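> So that we are looking at the same thing, I have put the structure below in structure tokens.
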Amino acid sequence: MIKLGLIGRELGHSFSPEYFKKKFTALGEQNEYSYEALEFENWDKAERFIRQSGYHGFNVTIPYKKDAAKFCDYLDHWAEKIKAVNTLVTSPHGKVFGYNTDAPGFLQTLTDREIKVSKALILGSGGAASAISTAIKNQGGMSIIVSRSKKSGDFTYADLWKDESILRSTDIIINCSPIGTYPKTKNSPDIPYHQLNSDQILYDLVYNPPETVFLRRGKKAGCRTINGYEMLCNQADLSWEIWYSFVKEA
């Protein structure tokens, strides 16, 4: 049995376990692969589990993507640039390989919609935000990072309210934070929604619920909106390709 898992916190409503179980069944591989949600209260415990569990691969989610990158023996070109990983492979020799499929998964959603980003406003400063800003740079665009403190980003949320030009100068606003995720669905990022205009796109990496308060408020302002489900499927499929290639080569 090839054992795979998802490492993170508060994974009770995670998309990944059910998605991969359905995928294994569709491929006729349900007796060969397993996938479980694995919650850890801190990264040290997760790290020990990765080394000792006998699992063949993992997805990594909030809040451990940056910790996982520091832990790996090898990083792919995306992970090296982003300094965050969402996919791990453990080799029979004890080496851990890290990949970032968030960035190419996100870029594919833009390509499918023929969207070319010029200037993005990114809400959040974690591993997902790093992946998205790197992907946009790869496409030729630039990003502004908004965080709760200046230490983590270019601007704070308070700055957006003080200076209207920050938000209005961007063509896409991307929520890379977990704000609005089930079960706290009434929450939304604290941005000046009244400044939005119909030429802008609101993109939420949150996928549950399918339409967050963030997206609803953007739609009300006339913005085009995109939720995180398609990107999630893209990055999951890329993770599967990585695991599958390692298993076949082993």
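The numbers here are math on the coordinates, done by the rules we state, and not lab data. Just so it is clear, the model here is predicted, and its values are computed rather than measured. A quick note on method: Cβ atoms are made from the backbone with ideal geometry, for glycine too, and the neighbour counts reach across all protein chains shown.
> Expressed as a rounded percentage, what relative contact order does segment 2-100 have, with Cα pairs under 8 Å and six or more residues apart?
The value is 28 percent.
> Distance between Cα centroids, segment 195-250 to segment 103-176: provide it in whole Å.
Taking the Cα centre of each part, segment 195-250 and segment 103-176 sit 14 Å apart.
> Right, here's the next one. Order 186-197, 214-225, 119-130 from most to least packed using the mean count of other Cβ atoms within 10 Å.
Per-residue Cβ counts within 10 Å, averaged per peptide and sorted highest first, yield 119-130, 214-225, 186-197.
> Could you list which residues have their amide H under 5 Å from that of T87, counting only those 5 or more apart in sequence or on another chain, with H placed in the peptide plane?
Those qualifying (amide H under 5 Å, at least 5 residues apart or on another chain) are V60, Y99, T101.
> Which whole-number percent gives the relative contact order of segment 100-250, counting Cα pairs below 8 Å spaced six or more residues apart?
Details: 277 pairs, mean separation 33.8, N = 151.
Rounded, it is 22 percent for segment 100-250.
> Filter K116/K219; K162/K186; K81/K150; K23/K151; K3/K150 down to the pairs with a C-alpha to C-alpha distance above 31 Å, please.
K23/K151; K3/K150
> Count neighbours as other Cβ atoms within 10 Å of each site's Cβ, and list the GluC sites (Glu not before Pro) in segment 169-250 that are DSSP loop with at most 15 such neighbours.
On the way: sites: E211, E230, E241, E249; in loops: E211.
The qualifying sites are E211.
> Run lengths n ≥ 4 of DSSP H only: what is the helix-derived mean residue ellipticity at 222 nm for the chain, with -39500 (n - 2.57) per run over all residues, to the nearest 500?
Calculated mean residue ellipticity at 222 nm is -11500 deg cm²/dmol.
> If you consider only alpha-carbon coordinates, what radius of gyration and Dmax does segment 132-228 have, in Å?
12.9, 36
> Oh, and also: Rounded to the nearest 5, what % of the DSSP beta bridges within the chain are antiparallel ones?
20
> Next up: Non-local amide H neighbours of Y207 (under 5 Å, H modeled in plane, Pro and chain starts lacking H): which ones?
The answer is G228.
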